[in-house]
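Notes follow once the structure below has been shown.
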Amino acid sequence: MGIVYDDAVMIRQSEREEEPSVITVNCPDKTGLGCDLCRIILFFGLTVVRIDVSTDGKWCYIVFWVEGKSSTRWGLLKNRLMGVCPSFLLANGISYDGPEMRPPKPPNVYLLKFCCYDRRGLLHDVTGVLCELELTIKRVKVSTTPDGKVMDLFFITDSRELLHTEKRKEDTCDHLKAVFGDGAISCEIERVGPEITSSSQGPSFFSDGTTEDMFNVEMLNQNEDDPIAFKCPSITMDNMLSPSHTLVQIVCQDHKGLLYDVMRTLKDCDIQVSYGRLARKGNAECELDLFIMQADDGKKIVDPSRRNSLSNRLQVELSRPLRLALISRGPDTELLVANPIELSGKGRPMVFHDITLALKMLNRPIFSAEIARHGIGDREWEIYRVLLDEGESGSASKKEIEETVWRMLMSWE
């Protein structure tokens, strides 16, 4: 993003386990910066428990209070956060035409192809290794042969931009072979064209009514006994408290990635946050106050139709940030999870990791899996399709599978 001060991002790790760590970001502002920062924090497995945001439109000051694991790689997190901070030259009105200021090129896409003998939890362990190595999964095609072997195709990008080197390829395969153990057969990595991850109009398995309900807003939360139902969020907008900003007050059920879901919605609606504060209300709810304005003209949202549109969009995104369905197709059971994609082309991280972890906890083997992006309606979605192996069916009921996967995705205990 250009030249950034060394202290644009500062991290103070907590000295006691019960206290949150503090991340301070002090850099030039841009529309969507909060979304980009929240996505990275979410990728590192951290939970934002409080936030203060202040900006004058040119420079912003954001403080995150976060909770997470003792294994968090804080130095790497700082580097990734600094990577999305704009150059300070922009705030000073200095023209700079270096390569860092030009629009980023699409990342190179690589095909990771491996064959090994199957075992319980293998897919999750592989996904965990790829996350640790900062390899982002774009598409997946996983299949199991009758003789107990798996042939897996992972289309990935590299956050470190080193996968073109033999050393990075060998290191990746070595980490994976350690997971395969004695079951390893082959592991190859080659570069492919970016068109391999492009969107299509929609997958054939969305043709029935059950899966169509996943994207029907009117169907959301109609059944209070639904194991994955959300409490309806309260969203209030006020134009009287500030001469230049619209105040948005949100009270909603807490969940993993809550702040990211709010910020990505505002980013896609071309809304800029000038001031904001988030705080937990007990263990189950969050309160969020945001002073916002339209990014195109720097004014409050006066048009009632635009206010209603933004309010409705936030209602939908916070009521069901992901879509999930468990479907019986004859003798097979199919798990579908849909992840909304930002207009920038990025989506919520770690979804496939959480899905496979939940199924591993339930001791449910996976027969095949697929990740692909599809255009459904006027939006793009990342679809995770997992076919459960019924040959060694566990005792978990359909409701238990849905609830366990959903709780893992939302980080609910």
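Screening the candidates Val262, Val273, Val302, Val248 for the property of being out of contact with any Cys (no Cβ under 6 Å at 6 or more places or on another chain), surrounded by fewer than 20 Cβ atoms within 10 Å (Cβ to Cβ) and in contact (Cβ under 8 Å) with a residue 12 or more places away in the chain yields one hit, Val302.
Considering (1) hydroxyl-bearing (Ser, Thr, Tyr); (2) modelled with pLDDT of 95 or more; (3) under 22 Å from the mean Cα position of the chain (by Cα), the lone condition that Thr31 does not fulfil carries the number (2). When you check Val351 against the structure, is it among the β-branched types (Val, Ile, Thr) and either modelled with pLDDT under 95 or farther than 18 Å from Phe43 by Cβ (or both), yes or no? So Val351 does not fit the description; no.
Asp296 - would you say it is among the acidic types (Asp, Glu) and without any contact (Cβ under 8 Å) to a residue 40 or more places away in the chain?
yes
A residue that is of a type outside the set (Gly, Ala, Ser), in a helix (DSSP H, G or I), modelled with pLDDT of 90 or more and loosely packed, with under 13 Cβ neighbours inside 10 Å occurs somewhere in region 156-169.
Scanning region 282-307 for residues that are within 21 Å of Leu258 (Cα to Cα) and either aromatic (Phe, Trp, Tyr) or out of contact with any strand residue (DSSP E or B) (no Cβ under 9 Å at 6 or more places or on another chain) (or both) returns Gly282, Asn283, Phe291. Of all the listed residues (Glu190, Glu161, Glu166), the sole one being at positive phi and out of contact with any Phe, Trp or Tyr (no Cβ under 6 Å at 6 or more places or on another chain) is Glu161. Taking region 343-367 as the range and being in contact with an Asp or Glu (Cβ under 6 Å, 6 or more places away or on another chain) and either crowded, with 22+ Cβ neighbours inside 10 Å or of a type in the set (Asp, Glu) (or both) as the test, no residue passes.
Just to be sure, is Arg373 assigned by TED's automatic domain parsing to the domain that holds Thr145, at pLDDT 90 or above and basic (Lys, Arg)? So Arg373 does not fit the description; no.
A single entry from Leu288, Leu324, Leu359, Leu278 fulfils the requirement of being in contact (Cβ under 8 Å) with a residue 60 or more places away in the chain, farther than 19 Å from Trp406 by Cα and among the aliphatic types (A, V, I, L, M): Leu278.
Taken over region 87-117, the residue count meeting the criterion of being modelled with pLDDT of 90 or more and in a loop (DSSP other than H, G, I, E, B) is 1.
The values are calculated or read from the model by the stated rules, or taken from the named source; none is laboratory data. What you see is a predicted model, and the numbers here were worked out from it, not measured in a lab. FYI the Cβ positions are ideal-geometry reconstructions off the backbone, even for glycines, and counts take in every protein chain you see.
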